[in-house]
Every structure is written in C-alpha cells, then in structure tokens.
1. So for the pair MET1, GLU77, with labels modelled 7 Å out along Cα→Cβ, what separation do we get in nm?
2. Quick one: compute the contact order of the chain, relative version, from alpha carbon pairs under 8 angstrom and 6+ residues apart, as a percent.
3. Of all the stretches in the chain, which is the longest one without any exposed loop site, taking chymotrypsin sites (Phe, Trp or Tyr not before Pro) in a DSSP loop (any state but H, G, I, E, B) with at most 16 other Cβ atoms within 10 Å?
4. Please give every one of the lysines within straight-line cross-link reach of LYS162, meaning a C-alpha to C-alpha distance under 30 Å, and leave out same-chain neighbours fewer than 8 residues apart.
5. What residue among ALA54, THR124, VAL154 has its Cα farthest toward the positive end of the dipole of the chain, where the charges are +1 on Lys, Arg and -1 on Asp, Glu, each on the Cβ?
6. Give me the one-decimal nm value for the distance between modelled label points at ASP182 and GLU24, 7 Å along each residue's Cα-to-Cβ direction.
7. Can you work out the base-10 log of I(q)/I(0) for the range 84-183 at q = 0.11, 0.23, 0.24 1/Å, using the Debye formula on its C-alpha atoms alone?
8. Find out how many positive minus negative residues lie around GLU24, taking Lys and Arg as positive, Asp and Glu as negative, among other residues whose Cβ is under 9 Å from that of GLU24.
Amino acid sequence: MAKWTFEPGHTAAEFRVRHMMVTEVRGAFKDVHGTLEFDPDDPASSSVDVTIDAGGLWSGEEDRDAHLRSADFLDVENHPKITFKGDQVEVLSANDFEVTGDLTIRGVTRPVTLRVRQIGQWSTPWWEGDEDKGPKMRAGFVARTKINRHDFGVSWNSSIDKGGVVVGDTVHITIDVEAILDD
C-alpha cells in the first residue's frame, strides 16, 4: 500500500460553531501532520493517522483564541494534541469515501466518521530552495464531519436572553489535505 505524508504548508483543519444564536465562529489549525496509506485501486484498505497541534488554534481574535485554548474548551495545557486514526473505509464512489476512526480531543476518544472526497492526484515539481528536486506525486483530499462538543468534554457555555446560549453544541470540521507520495 502506498504511503503518503501530509504536506503541512498546504494542509489545514478548520471548524465552525454557532455563536450567540445568530452567526458562526470559525477557526483553523495550520500545524496539521499526518500519514495516509492509500491506493486508488484499493481505497477500502486505506488508513489515516492525523495529529493537530491544538495550541496553534487561530480564530482571528487573540482573547477568544486564549479562551478556546483554556480548560473551558480544548485545555491545551493538559491536552496539546488532537488526533484522528481511522482504518474503516467505505467506498461510496471513485472519489468519495467514509472513513471511520477514533477522534481524540481533551483526552476523550470517540468514534467519528469523516466524509472524504479525493480532489485529484498530480505529478508536480518539488522545490527545495531554488532547486526543483521533483517530480513528486501529490494528492488532494477534503474531509468533513460534525461532532457534538459535549461528547469530548468541551462543555463551557453561558446563557443569553430568551433561552439562547453563547456557544452551540455542534462543531462542523473540515480538513483540507495535500499529501505527498513517499519515495
């Protein structure tokens, strides 16, 4: 089975969650590393192993980022990594898959299914400084899922008028991956 390594400069995880009952807050993690065992001729035998630096969370507001890193949310001091390991793959079409595995946030592990779409695969240049050491085979994937944050012990909230809350329960997650085929 071919092994692929995530190219961290072109891989990111993003989230969005309801805020104040009227909009959604979005945030991102750029320090995403992982490996993928993937053969387009046998995608059902694939597996993925992802690690996200939780401390690298960015939502565009410093104070909010500090609160999201605190024990009220991700508790980065005690749980600096978010991980996903999956090897149960259901092939939906030539480019669409469901990958089920274990997501760990705040030290709590739960099964989660990602809806994955392979965007494409291409032989490309590989620049190291001013020298092209390619070609290298690249593949792109987008994975989406949603989780209930309470399932992972992320339960901080505050009430607002008319029965509303500051933070919604459902977190939508998108992971964009550019993977490089290992030599």
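1. Result: 3.9 nm between the two label points.
2. 25
3. 1-125
4. LYS146
5. VAL154
6. Between ASP182 and GLU24, the label points sit 3.5 nm apart.
7. -0.52, -1.16, -1.21
8. The answer is +3.
All of the numbers you see were taken from the coordinates with simple rules; none came from a lab. Just so you know, these numbers come straight off a predicted model, no measurement behind them. Counting neighbours? That spans all protein chains shown, and the Cβs are built from the backbone with ideal geometry, glycine included.
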